[in-house]
Amino acid sequence: MLLPVTLSCGSAAESPEKSAEVLMTRAQALMNGTPASTGVLAFLNAPSTTLVVLDDDVPLNSLAAQNLVAYRNGPDGVPQTADDRRFVSIAQVEAVPQVGPAALAALEAYVRGTGRVDMPLDEQVGIFDGVAFNLAEARRVVAVANTASAAVLQGTVGLSAAAAAEIVAARRIDHLVELSKLPSVDGAALQSLKDHVVPAAKDEPCTGPSTCQAGLVCEGLAQGGPIAYGRCRDLTPIPGDSDSCSALRPCQPGLVCSGLASGSPEGICRPAWMAGSFTSYADVALPASTVTTTAALGVVGLATVPEDITVVLDVVHASTARLVLTLEDPTGETALLWDGPNEGAPPARIPVTRGIPRDGAVNGRWLLHVTNPTGNGSGRLRAWSLELTSRYD
């Protein structure tokens, strides 16, 4: 789960109410090579990203916008010539005069809101006129804005006549930034559109039994943490479910072979939705200290208990062989993931075969604890992932 977007699209880039701590955290998240940073770089490098777009649409302050365009245009100041320069890192963007943490946050909010970031359905796209949207909600609202008649928008959704007319006239609407900038589409209108598109479709986020479309069940509600949703699943039986499987005997389409990652030569075919990969772009500092550093990751939408658990690490450290890694499941059960002083540098992928019981909760908040017993050497936990299969208890 990535850092949520807290800037409202269309607000001033240097919002005084945004604390330096929040803005710096967002800048650090971008520095990690996340999907959001990839979206920001692609946006800044695109010829269609003009001074007007940066200054008026994002919006940045005029000096930051001018300096970004000037850097990209190169010494001759003319776009799309031989001396043009490309932004290849967020550090390079931040080095441009007048571009600081607030500008980076505004750029991230804009590329998320305009659909330039690869994200899971339950990740937050942004906050528009005070209304938060995850990706699934944003897609459904944009679809309604592009297809519903003015009569439906006004009579069924509950929009004003002016808002309904503006939406119809603006079609095709490509994203929430565009929709939210229509003069009569305010927070109340966006909330009405968001309420109208519930319930959710297959595999989209849900919060309870009545929040999925007919024929779907809200599975994998996370417990004991800040992740208050699951995913809408189709529980129709699939031929081959519960059959045995192996690397040479794969499951039927729609099923996954569960158990192989834990070291078993033979697994059991489970519905594909019972498997998932979850990533946290943590970008957490690992100081030269004996203090334990903890990074959290949210898991939703699986069955009830884990089968395969594999941790994937992106760690940059002066000496990874000094690190002791511990994994904690949502119920508080822990596993010694890796003992650097006795096992050496950890691999990038670590199957969990000890410690975590297979009858505890799979949905909820998982924690990765990183300790440096010697306190020597520093680094960063850039990102970590959990690759999971699950089953019903």
*Provide the descending list of Cα extents for the range 111-242 along its principal axes, expressed in whole angstroms.*
54, 29, 25
*What do the square roots of 5 times the Cα gyration tensor eigenvalues come to for the chain, in whole Å, largest first, as semi-axes of the equivalent ellipsoid?*
38, 31, 18
*Mean accessible surface per residue for the range 30-133, computed with a 1.4 Å probe while every protein chain stays in place, in Å²*: 39
*Taking only protein heavy atoms and a 1.4 Å probe, what accessible area per residue, in Å², does the range 292-393 have with all protein chains in place?*
38
*In the range 320-393, which chymotrypsin sites (Phe, Trp or Tyr not before Pro) fall in coil by DSSP and have 14 or fewer other Cβ atoms within 10 Å?*
392
*How much accessible surface area, in Å² rounded to 10, belongs to the heavy atoms of residue 354 with a 1.4 Å probe?*
100
_Running a GNM on the chain with Cα contacts under 10 Å, which residue among 315, 168, 370 ends up with the highest mean-square fluctuation?_
168
*Please say if the range 104-185 is rounded, prolate or oblate, where rounded means a/c under 1.5 for a ≥ b ≥ c the square roots of the C-alpha gyration tensor eigenvalues, and otherwise the choice is prolate for a/b larger than b/c and oblate otherwise?*
prolate
_Relative contact order of the chain, pairs being alpha-carbon contacts under 8 Å that are 6 or more residues apart, as %_ = 14
_What does the extension gain come out to for residue 188 and residue 359, with contour length at 0.36 nm per residue minus their alpha carbon separation?_
57.1 nm
*Using the Cα centre as the reference, give the magnitude of the dipole from point charges on the C-beta atoms of the range 155-275 (Lys, Arg: +1; Asp, Glu: -1; all else neutral), rounded to the nearest 20 debye.*
80
*For residue 143 and residue 207, FRET efficiency with R0 = 25 Å and r from the beta-carbon atoms, rounded to 0.05?*
0.75
_Mean accessible surface per residue for the range 183-258, computed with a 1.4 Å probe while every protein chain stays in place, in Å²_ = 54
_the chain - percent of accessible surface contributed by carbon and sulfur, probe 1.4 Å_ = 55
*What FRET efficiency do you get for residue 289 and residue 63 if R0 is 45 Å and r is their Cβ-Cβ distance, rounded to the nearest 0.05?*
0.70
*Going from most exposed to least, what order do 246, 160 have by accessible area with a 1.4 Å probe?*
160, 246
*First check a/c for the range 228-360, with a ≥ b ≥ c the square roots of the eigenvalues of its C-alpha gyration tensor; if it is under 1.5, answer rounded, and if not, answer prolate when a/b is larger than b/c or oblate otherwise.*
prolate
_Inter-label distance, nm, simple model (7 Å from Cα along the C-beta direction), residue 252/residue 235_ = 1.9
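The values are calculated or read from the model by the stated rules, or taken from the named source; none is laboratory data. Since this is a predicted model, take the numbers as computed values, not measurements. Because the Cβ atoms are built from the backbone with ideal geometry, glycine has one as well, and the counts that use them run over all protein chains shown. Heads up: the accessible areas ignore ligands, DNA and RNA and are worked out on the full protein's heavy atoms, side chains in. Shrake-Rupley method; radii C 1.70, N 1.55, O 1.52, S 1.80 Å.
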